[in-house]
Structures are given as C-alpha cells and as structure tokens.
Amino acid sequence: MKLICKSDGFLQTGQSLFGAEIHQRQSLQLVHQILEARKKIKSGAPVGEIDPAATARYATFGFFITGPVSHIFYQLMEVWMPKTDPLCIVKRLLLDRLIFAPGFLLMFYFVMNILEAKGWRDFESKMRGSYWTALKMNWKVWTPFQFVNINFVPVEFRVLFANMVALFWYLASVRN
C-alpha cells in the first residue's frame, strides 16, 4: 500500500504523523538501550536491564511535544515567511536555528526533568552542565539538514524528514 501525505498532516491510511513520532521515539530509545548493552558486553562491563520507563518518557515527549510543536512551527513558518519573500531562505534558517532550536532544547530538558520526577536543582544542574554543549552540537549537526528541510521539503513532510535524519544521526552516534 502506498502512503501519501496530505496537506492536513495525515497519511491516507489514517495514521497521524504525530503517531509516527511516538513510534520513532520509542524505537530510538529502545535501540539506544540495546546498542549500549551490546557495547558493555563487548567490553566486559556489567549490563543493566532495558528501562521501559525511559522508553515511555521519550515516547511521551515525542508524541505530545515533538510531533505537534514541530508540525505547528513548520506550518506557521510558511505563513510568517512565505517563499515569495526574497530573503525567506535566510530568515527561516535564522528563525529555526536561533529561536526554535534553543527553545525546543530547553523544553526538552524541562519536560524530561518533569517526566523523570526530578526537582528544580536537577534541572538547573543539567542546564548548567550540558545545555550549551548540546545546543552547539545541535547547531553543528542540524543546520545543513534544517536548511534543506525548511526551504525545500514540502511542509507536510518536514516532521518526517527531521525524524528520519534524527534516526540515522542517532544510530551513527550510538555506534561510535
């Protein structure tokens, strides 16, 4: 069966792109845990069990936050910066990289902190310890992909495109 995405963001089969997001986040978390276990086995380190709670947290974040927020952001970007604007390519990239990416990463840390039932001090510590490093890595890795995504991928496929890039980047980073 051929899947064709409509402009309303739903596949003809009735599966929402948001639904695809939850499956991708669950899969990434599970693959991460399996690959980490394989690394530990090869190095002779003790291996813990698969953490279904971590998988559920990432799936929850993906379904309720990543999918809807990204979808709405891409839709609004089309309205705010139409392709008729001669500088839209630059404006879109700057909006995504300088406003959306830092805010979304902050939201990720905050929501995951809540889902992990951690307190404010844990959140502050995580922000101080890794936010800036993670944001710089985000800018390095994601800028070329987002340039293509927000300027050349049809709006109804942007979340899917970003998810596919995330999957391959994640698998490559875990393997290394």
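The values are calculated or read from the model by the stated rules, or taken from the named source; none is laboratory data. The model shown is predicted, which means the values in this text are computed figures rather than measured ones. When we count neighbours, we look across all protein chains shown, and the Cβ atoms used for this are built from the backbone with ideal geometry, even at glycine. Note: areas computed on protein heavy atoms with side chains; ligands, DNA, RNA excluded. Shrake-Rupley method; radii C 1.70, N 1.55, O 1.52, S 1.80 Å.
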Residue list for segment 96-108, restricted to those being open to solvent by 30 Å² or more (accessible area, probe 1.4 Å) and within 21 Å of Val148 (Cβ to Cβ): Leu98, Ile99, Phe100, Phe104
Tally, over segment 138-156, of residues that are at pLDDT 95 or above, under 14 Å from the mean Cα position of the chain (by Cα) and either more than 18 Å from Leu106 (Cα to Cα) or surrounded by 15 or more Cβ atoms within 10 Å (Cβ to Cβ) (or both): 3
Filtered residues of segment 39-76 (kept if more than 17 Å from the chain's Cα centre (by Cα), within 28 Å of Val159 (Cα to Cα) and charged (D, E, K, R)): Asp51
Top-ranked residue of segment 109-137 - restricted to ones that are closer than 21 Å to Phe63 by Cβ and within 17 Å of the chain's Cα centre (by Cα), ranked as surrounded by the fewest Cβ atoms within 10 Å (Cβ to Cβ): Phe110
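Would you mind listing the helices (runs of 4 or more DSSP H) fully within segment 64-176 where at least 2 residues are more than 30 Å from Ile41 (Cα to Cα) and of a type in the set (S, T, N, Q)?
Once the helices (runs of 4 or more DSSP H) in segment 64-176 are filtered for at least 2 residues that are more than 30 Å from Ile41 (Cα to Cα) and of a type in the set (S, T, N, Q), what remains is 67-80, 132-152.
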Residue list for segment 49-61, filter: loosely packed, with under 14 Cβ neighbours inside 10 Å and either under 19 Å from Trp169 (Cβ atoms) or at pLDDT 75 or above (or both): Asp51, Pro52, Ala53
